[in-house]
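Any read-out appearing in this document is the output of simple, stated calculations on the displayed coordinates, not a laboratory observation. Note that the coordinates shown come from a computational prediction; the quantities given were computed from them, not determined experimentally. Cβ sites come from the backbone with ideal geometry, for glycine too, and all protein chains shown count toward neighbours.
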Amino acid sequence: MHLQKVKILESTALPFKQKFSPNLKKYLEIYEESIRDPEKFWDREARKLEWFRTWNKVLEWDPPFARWFVGGLLNASYLCLDRHVKTWRRSKVAIYWEDEVGNTRTLSYSQLYSEVNRLASVLRKFGVRKGDRVAVYLPLIPELPMTLLASARLGAIHTVVFSGFSSQALADRVNDTQAKVLITADGSFRRGKLLSLKKIVDAALEKCPSVESVIVVKRANVDVNMQKGRDYWYHELLKTARDYVEPVPMESNDPLYILYTSGTTGKPKGIVHNTGAYMVFNHAAYKWAFNIRDESVYWCTADIGWVTGHSSIVYAPLSHAATMVLYEGAPDYPTPDRWWEIIEKYGVTIFYTSPTAIRMLMGYGEKWLKKHDLSSLEILGSVGEPINPEAWIWYYKNVGGEKCPIVDTWWQTETGGFMISPAPGLVLVPLKPGSATLPLPTIEAEVVDDHGKSVPTGVKGYLVLKKPWPGMLMTLYQDPQRYKEVYWSKFPGSYYTGDYAIRDADGYFWLLGRADEVLKIAGHRIGTMELESALVSHPAVNEAAAIGKPHEVKGESILMFAILKQGHEPTTQLKQELKKHVREVIGPVATPEEIYFVHSLPKTRSGKIMRRVLKAVLMDMPIGDLSTLEDEASVEEVKKAYEEFKKLLKGSS
Ligand code: PRX
């Protein structure tokens, strides 16, 4: 790899009008102590949760497989509910739910507890036991977190499929887990439009023989097909449900969930998270990042279909008995101040969103913000993709009124929880717009070159993690070999994140996007191979390639290339059809912005598509300006391919 020098922004220690005063020295003391004895550190943190039985050993590290809090027994649903309903918090609001048109539901901890128990009893009736997989395909309604907690209560393993995914994506994930129960809804709404979820489920289930029962929540009140003996209405089942189900004691290393995420092959990876260490890590990191308190009102705008929702809507906040807002809908519907309106209405104190959403709302201008009193805000979070300094500063000034730290949390589906992030709930470090700042306690992050050697300050390299941490994935579902290869073989002894980063002279981390063939579209992770397999599944396409192009709002957008099979003409109509096809195979998040028809693609001698050449040509950049994805072609070959492809593209549509 040609390592690139990248200009780093000047350090800007921003002033805070409120109670947060940055203290780098204190951070370093805490961090260094944690690094000296991480096991002692996590032993202490783990004791903040309620266990049915404590562990014999904090960590068994058989690289790259970790077992944490070995022998400890606990239950995640118990930690998020039972613990709180034994106290005054039983009447505390857990969830303020609202939809686009202003329908609301409010659930206290005791109501949530009761609903979860009742649903758990229903699931048990359907034969769900410890270790069984429960598939979830629900919109962002209270039944979604309830389902996760009910599954966890029984010791079952949930696998949530984002409700924006297509029937094929749903079927693939359900089949991989062999789930026997699936929970869905009749439909949901986005920008006022009905999404017929049950129809998508019906199509998926034609290919999913493992699913014996389907539970359907009435959300959209639309007519749906209910297959006798397989499909049941949620509200009907709950009529005869039991009020209490004993939470199943889980060994700390029993899986809590599987969540699929994109990698560099066409097949999504089933990330498996354990129960004990995942809860310990998230409970701690959430407190550090967001300084959650009983009087906080927290709102994370993510969907529970992604890891952000699992950790930062369900497990961490509920384990702290947080009061949260759950909003089902688009940020700018019906008007561009919908989110600001909600912050004002509920007095949100902690707001956690994505750079894409910030950039989009920034585009609508400050006039929409000025209509609302946002003075309740105390902390602002960002996640999912690098936040550019301009968006950071806009967020800080206009949303936070220059009094809220921007907590830019770097993490991944695989890391389970926050890794590099400011931590105002522990000790705030001086902030720099665009940097996720410094690692959380015990996290040893480093930037290395192709040979795994630390790069000098200011030089771009690969971000790696040098030690196991409690939130880490256990393995890839039923594929430990792939787990080893993907994460632990590129730099033996270290976990490879797949991200580029730079460390500045103050030790701050600047995340620079993916180093592998994974795209980040509006913060959603999509593999180029997944897109390519989707496109070639169309009968007119012989070969395909996908790349990400920088996009002002979404971070990246999808551009694709297609080589057509003989007998097919490159028409505008076919282009539209192909875009629709990719969208239907994966889901709306994967809609290509453009598809180019070509006769050949630049390849290495071994047949690997040179995506950097495609990228350079399309973005009209000299090939040398791109950070390389290593492929085995020589510089000369790449240059030649670049020139040839440029000509080819000019001559095609
Ligand atoms: O590239 C990094 C980017 O998102 C990737 C992980 O994606 P996913 O597993 O979908 O999880 C997203 C939510 C945790 C990372 O490899 N990423 C995530 N957070 C940040 C980020 N890039 C820069 N800054 C962040 N704060």
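Computed from phi, the 3J(HN,Hα) profile of the range 113-123 under the Karplus parametrisation 6.51, -1.76, 1.60 (θ = phi - 60°) reads 4, 5, 4, 5, 4, 5, 5, 4, 5, 5, 4 Hz, with x in place of Gly and Pro.
Restricting the trypsin sites (Lys or Arg not before Pro) of the range 39-145 to loop positions (DSSP other than H, G, I, E, B) with no more than 13 neighbouring Cβ atoms within 10 Å leaves ARG47, LYS48, LYS86, ARG129, LYS130. Amide H of LEU431 versus every other amide H placed in the peptide plane: which residues, excluding those fewer than 5 positions away on the same chain, fall under 5 Å? Result for LEU431 returns LEU14.
Note that the range 244-259 has calculated 3J(HN,Hα) couplings of 9, 10, 4, x, 6, x, 10, 5, 3, 9, 6, x, 9, 7, 10, 9 Hz, one per residue in order, obtained from phi through the Karplus relation 6.51 cos²θ - 1.76 cosθ + 1.60 (θ = phi - 60°); glycine and proline are x.
Seen through its C-alpha gyration tensor, with square-root eigenvalues sorted a ≥ b ≥ c, the chain comes out rounded because a/c lies under 1.5. Sequentially through the range 518-526, phi angles give Karplus couplings (6.51, -1.76, 1.60; θ = phi - 60°) of 10, 9, 10, 9, 6, x, 8, 8, 9 Hz, Gly and Pro residues having no value and appearing as x. Counting every other Cβ atom within 10 Å of each residue's Cβ, LYS403, LYS397, LYS228 order from fewest to most as LYS228, LYS397, LYS403. Between LEU519 and ILE526, GLY527, THR528, the built amide H atoms are under 5 Å apart, and every one of these is 5 or more places off in sequence or on another chain. Protection proxy ranking of 604-613, 313-322, by the mean of other Cβ atoms within 10 Å over each peptide's residues and highest first, is 313-322, 604-613. Taking amide H as placed 1.01 Å from N in the peptide plane, the amide H of GLU594 sits under 5 Å from that of MET560, each at least 5 places away or on another chain.
Between the C-alpha center of the range 109-146 and that of the range 33-94 there is a gap of 22 Å.
Among PHE126, PHE52, the order by Cβ neighbours within 10 angstrom, fewest to most, reads PHE52, PHE126.
Packing, as the average of other Cβ atoms within 10 Å across residues, places the peptides 511-521, 329-339, 69-79 in the order 69-79, 511-521, 329-339, highest first. The trypsin sites (Lys or Arg not before Pro) of the range 234-281 that meet both conditions, a loop assignment by DSSP and at most 15 other Cβ atoms within 10 Å of the site Cβ, are LYS239, ARG242. The simple spin-label model puts a point 7 Å past each Cα toward its Cβ; for LYS580 and ALA203 those points are separated by 1.2 nm. Annotation: extensible slack from LYS228 through ASP479 equals 86.8 nm (criterion: 0.36 nm per residue apart, minus Cα-Cα distance).
Packing here is the average count of other Cβ atoms within 10 Å per residue, and on that basis the peptides 446-458, 383-395, 150-162, highest first, run 150-162, 383-395, 446-458.
Here the relative contact order of the range 517-652, from alpha carbon pairs under 8 Å that lie six or more residues apart, stands at 19 percent.
Between THR87 and VAL70, the contour length at 0.36 nm per residue exceeds the alpha carbon distance by 3.2 nm. Approximating the spin labels as points 7 Å out from Cα along Cα→Cβ, the SER606-to-THR264 distance works out to 1.0 nm. Working from label points 7 Å from Cα in the Cα-to-Cβ sense, the GLU593 to LYS640 distance is 3.2 nm. As a length-normalised measure over Cα pairs under 8 Å and 6 or more apart, the relative contact order of the chain settles at 14 percent.
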